[in-house]
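Beneath this line is the structure, given in structure tokens, with notes to follow.
The values are calculated or read from the model by the stated rules, or taken from the named source; none is laboratory data. Keep in mind that this is a model prediction, so the values were computed, not measured. A quick note on method: Cβ atoms are made from the backbone with ideal geometry, for glycine too, and the neighbour counts reach across all protein chains shown. Side chains included, ligands, DNA and RNA excluded: accessible areas come from the protein's heavy atoms. Shrake-Rupley method; radii C 1.70, N 1.55, O 1.52, S 1.80 Å.
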Amino acid sequence: MVGDVMQGSERLGRELLDAMGLCGELAPEGSVCRFLAEHRLRLFPDEMFSDLFPSGRGRPSTPGSVIGVVLVLQALECMSDREAVQRLRCDIRWKAAAGLALTDEGFHPSVLTLWRARLRGSDRPDRVFDAVREVIAESGVLKNKTRRALDSTILDDAVATQDTITMMWSQIRRCRRLIPEAARLVLVAHDYESAGKPWCDWSDPESRSGLVNGLVADGRAVIEACENLELDPDQADALGLLAVVCGQDVEADPERPGRWRIARRVAKDRTISVVDPQSRHGRKTSSKKRDGHKAHVAVEPETGLVTETDLTPANTADSEPAPDLIAQEETPVEIVADSAYGSGPLLKTFDDQDHNTIIKPIQRKPRIKGGYHRDDFDIDTVGRTVTCPAGHTTRIRPGNTASFSKRCNGCPLPARCATAKTGRTVTVDEYHDHREANKARFRENQNVYRDYRPPVERTIAWLTRGKARRVPYRGLTRNRCWLTTRAAAINLQRLINLGLIHTTGGWATNPA
């Protein structure tokens, strides 16, 4: 049909070959497909997406409710766009969930790409997650449940980690492709018009050294030639990334002045791929290392429902996004978390917001094995004094340190207390009282921690089941939207298991 294509709205009347009407029994009770077949218009009304296509021209004819269903099922089963559309075309359960006829051929996979792009660019990119969260609020399943467990997990990135040489030559190629002035430079380390990694005799240290030095020299030449140019955002980003990869892993060769070599260290916040520059090295333990992004979640531990989620580079400390995970709570809650969330600034933030923290304190070993720990000192932040185990008292100086240097002389306990010749020094920062208050609450409520901290691991297992351990896209923005949609799908499945029903009074959970 020639003319404007308007965004479609779902017809209320069933078609003759309606999948739900003819084969509804194939979508079993208690499944997400059955729930969406019966309630998709309540969950994803057409007006929910009306702002994504404000123009009357070139709008998709696929109803928003159908797209919402496909996005949820796609995230739930970790499928690509092509796989999801194929499932919609061939799987009767998906057709029933989306309200399609048995003979409906679905739509092109690029339609999902378009809708995700519009959602990312909107002022409500997480509206699918928010729609399920509204169902949670209306059902009352979290009523009087004021406890939240926080945790994180590392998700593998969608690209391969690149070595220094690969990142340098590929980023030089990209700058030459985007910036005409860079393309006109005569570079010598490699033929950047040809695809493939630069060749050298990898068994010869001299050949490897010459290639590294040449790539760094070429990269610096491109940067110097373009640094004073007027660049568009894409060109500026490419040049900035080239500066990063040409500087983070190399250093001046002390044995050969004027030459460069691979640095004998790992740069802080190291970029590990120019294909996904936001991916990072990360680790959950000293032995468990992964590359990618880190998913952060806040979970109601009794129901396992995700109340908030976020995605950051894998090397981000758990404490950084933690305040945002609780920001949507309308009233103070009890926060249960492990020691990764026990930093002083975060505890102060929670205390200022009147949240009650039961966070495992950070354990620090005494400087001397079997010796006195910091907790053995009596610290009075009001009187600004510190008393040591031997009973000596000293004042806290303006630099937040208390020194026992003179009092350590002749003390019978220095072998168990001080390692420095000048005696023991105790640092007391502005967060001391917040740490001590949290320690006291943790000691009094260890049973609460044991009961309600482990369930968050169960929810993380649901989120990362199957192929969901690896993010499907490049960059934080795309993958953050995917994570919230997957959390929405997991929440929906959990609500169904908890007996979610819709009555004349709205959403509710069936006590049975």
Taking the range 74-91 and keeping residues among the aliphatic types (A, V, I, L, M), farther than 13 Å from Ala488 by Cβ and assigned to a helix (DSSP H, G or I) leaves Ala84, Val85, Leu88
Does Ala189 qualify as being surrounded by 18 or more Cβ atoms within 10 Å (Cβ to Cβ), within 23 Å of Leu41 (Cα to Cα) and touching a residue at least 12 places away in the same chain (Cβ under 8 Å)?
no
Out of the residues in the range 103-141 that are of a type in the set (D, E, K, R), closer than 21 Å to Asp310 by Cα and part of a loop (DSSP other than H, G, I, E, B), state the one that is nearest to the chain's Cα centre (by Cα).
Asp126
In the range 270-298, which residue that is closer than 27 Å to Arg486 by Cβ and exposed (fewer than 15 other Cβ atoms within 10 Å of the Cβ) is nearest to the chain's Cα centre (by Cα)?
Arg283
Could you list, in sequence order, the residues of the range 363-386 that are open to solvent by less than 70 Å² (accessible area, probe 1.4 Å) and either free of Cβ contacts under 8 Å to residues at least 24 places away in the same chain or hydroxyl-bearing (Ser, Thr, Tyr) (or both)?
Pro366, Tyr372, His373, Asp380, Thr381, Gly383, Thr385
Specify the residue that is nearest to Arg474 (Cα to Cα); the eligible residues are those in the range 160-206 that are assigned to a helix (DSSP H, G or I) and touching a Gly at 6+ places or on another chain (Cβ under 8 Å).
Gln171
Within the range 50-73, restricting to residues that are part of a helix (DSSP H, G or I) and in contact (Cβ under 8 Å) with a residue 60 or more places away in the chain, the one that is surrounded by the fewest Cβ atoms within 10 Å (Cβ to Cβ) is Asp51
Out of Arg124, Arg120, Arg133, which single residue is basic (Lys, Arg) and within 28 Å of Pro455 (Cα to Cα)?
Arg133
Out of (1) at positive phi; (2) open to solvent by less than 50 Å² (accessible area, probe 1.4 Å); (3) part of a loop (DSSP other than H, G, I, E, B), the one Asp354 does not meet is (2)
Before we move on, is Val111 crowded, with 17+ Cβ neighbours inside 10 Å, hydrophobic (A, V, I, L, M, F, W, C) and at pLDDT 95 or above?
no
So is Ala84 out of contact with any strand residue (DSSP E or B) (no Cβ under 9 Å at 6 or more places or on another chain) and open to solvent by less than 10 Å² (accessible area, probe 1.4 Å) or not?
yes
What tally of residues in the range 299-334 results from selecting those that are outside any helix (DSSP H, G or I), open to solvent by less than 20 Å² (accessible area, probe 1.4 Å) and farther than 24 Å from Arg283 by Cβ?
7
Looking only at the range 404-415, and only at residues there that are assigned to a helix (DSSP H, G or I) and of a type in the set (Gly, Ala, Ser), the one that is surrounded by the fewest Cβ atoms within 10 Å (Cβ to Cβ):
Ala415
Counting only residues that are under 38 Å from the mean Cα position of the chain (by Cα), closer than 15 Å to Ala418 by Cα and in a loop (DSSP other than H, G, I, E, B), the range 370-403 contains a total of 1
Quick one: is Glu206 touching a helix residue (DSSP H, G or I) at 6+ places or on another chain (Cβ under 8 Å), of a type in the set (D, E, K, R) and either modelled with pLDDT of 95 or more or open to solvent by 30 Å² or more (accessible area, probe 1.4 Å) (or both)?
no
Is there a residue being part of a helix (DSSP H, G or I), surrounded by fewer than 14 Cβ atoms within 10 Å (Cβ to Cβ), more than 21 Å from the chain's Cα centre (by Cα) and free of Cβ contacts under 8 Å to residues at least 24 places away in the same chain anywhere in the range 216-236?
yes
Of all residues in the range 488-500, which are closer than 13 Å to Ser31 by Cα and either of a type outside the set (Lys, Arg) or not in a helix (DSSP H, G or I) (or both)?
Ala489, Ile490, Asn491, Leu492, Gln493, Leu495, Ile496, Asn497, Leu498, Gly499, Leu500
